[in-house]
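The values are calculated or read from the model by the stated rules, or taken from the named source; none is laboratory data. Please read these numbers as outputs of a predicted model, since none were measured by experiment. In this analysis, Cβ positions are derived from the backbone assuming ideal geometry, glycine residues included, and neighbour counts consider all displayed protein chains.
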Amino acid sequence: MNQKIVYDFTKFTTTDYIRHLSCVIWFKGCNFRCQYCYNDDIVYCKEGNYSINEILVFLKSRIGMLDAVVLSGGEATLYDLTDICRKIKEFGFKIKLDTNGTNLKLIKKLISQKLIDYMAIDFKSPKYKYENIVGVKKYDDFIKTIKYLINIDFDFELRSTINSSLLDEKDINSMINTISSLGYKNTYYLQNFIETTSNIGNISKQRDINKEKIISEKLNVHWRN
Ligand code: SF4
């Protein structure tokens, strides 16, 4: 709990966990290297700025002011979140986990101990592009996780970041077909790539996706920006 594994924290947000007043804990490091990632400072960070104990002191001071905590990153599931989540629950907060969905073992553990309430999982790309876009062979792990969550009827959302130089209309439709055939019924969120001065793949914004070509009858598809 004294190791500085937190890169930063956002003290207050209404947008990261819908219908909740929450704060966001940004864990350092990631097992992916997504080309479009604009959190490269968090991904490559060696030494964080805050320990969990420091974060818990902050959270304690927010009892009665916030109602939820978002665990994000980087990739929060690089760390065993069990004790952290238990402490957060003792304070009375709900917990949302943002993840790339590759640590099913930890996710199962957290769910079985009722330590998370909601998850947002990144669906990076179809299988045929996955390794190229994220830099590692983890597609099958991601699929195992969402199959598990669908089977136990856990409340979660899938979301994808779209840069047309990486994903086009055909790819997005392939992803919609994949998750709808697995039985995913919640809203599928699409968010446009945000151009920054630094991202891992040094890519820039490309043409707009033609939204009329995106399949809409199989799932509720919602563009966030
Ligand atoms: S976008 Fe990719 S590389 Fe960046 S933090 Fe998320 S999973 Fe890691």
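For this structure, a couple of remarks:
- Residue match in the stretch 68-79 (condition: touching a His at 6+ places or on another chain (Cβ under 7 Å) and either at pLDDT below 95 or more than 14 Å from the ligand (Cβ to nearest atom) (or both)): yes
- Scanning the stretch 7-46 for residues that are near the ligand (Cβ under 9 Å from one of its atoms) and of a type in the set (V, I, T) yields I42, V43.
- If you check I215, I179 for being of a type in the set (A, V, I, L, M, F, W, C) and modelled with pLDDT under 90, only one passes: I215.
- Residues of the stretch 27-82 that are closer than 20 Å to T99 by Cα, without any contact (Cβ under 8 Å) to a residue 40 or more places away in the chain and in contact with a Phe, Trp or Tyr (Cβ under 7 Å, 6 or more places away or on another chain): I42, C45.
- Hits in the stretch 76-86 - residues which are farther than 19 Å from H20 by Cα and assigned to a helix (DSSP H, G or I): A76, T77, L78, T82, D83, I84, R86
- For the stretch 178-212, a residue qualifies if it is hydroxyl-bearing (S, T, Y), closer than 30 Å to D153 by Cα and surrounded by 11 or more Cβ atoms within 10 Å (Cβ to Cβ), and the qualifying residues are T178, S180, Y184, T187, Y188, Y189.
- Taking residues in the stretch 197-218 that are within 29 Å of N31 (Cα to Cα) and small (G, A, S), and partners anywhere that are in a helix (DSSP H, G or I) and at pLDDT 85 or above, the pairs with Cβ atoms closer than 7 Å and at least 6 places apart or on different chains are S198/D40.
- Restricting the stretch 15-46 to residues that are at pLDDT 95 or above and among the polar types (S, T, N, Q), the residue that is surrounded by the most Cβ atoms within 10 Å (Cβ to Cβ) is S22.
- Restricting the stretch 57-67 to residues that are surrounded by fewer than 16 Cβ atoms within 10 Å (Cβ to Cβ) and part of a helix (DSSP H, G or I), the residue that is nearest to the ligand (Cβ to nearest atom): F58
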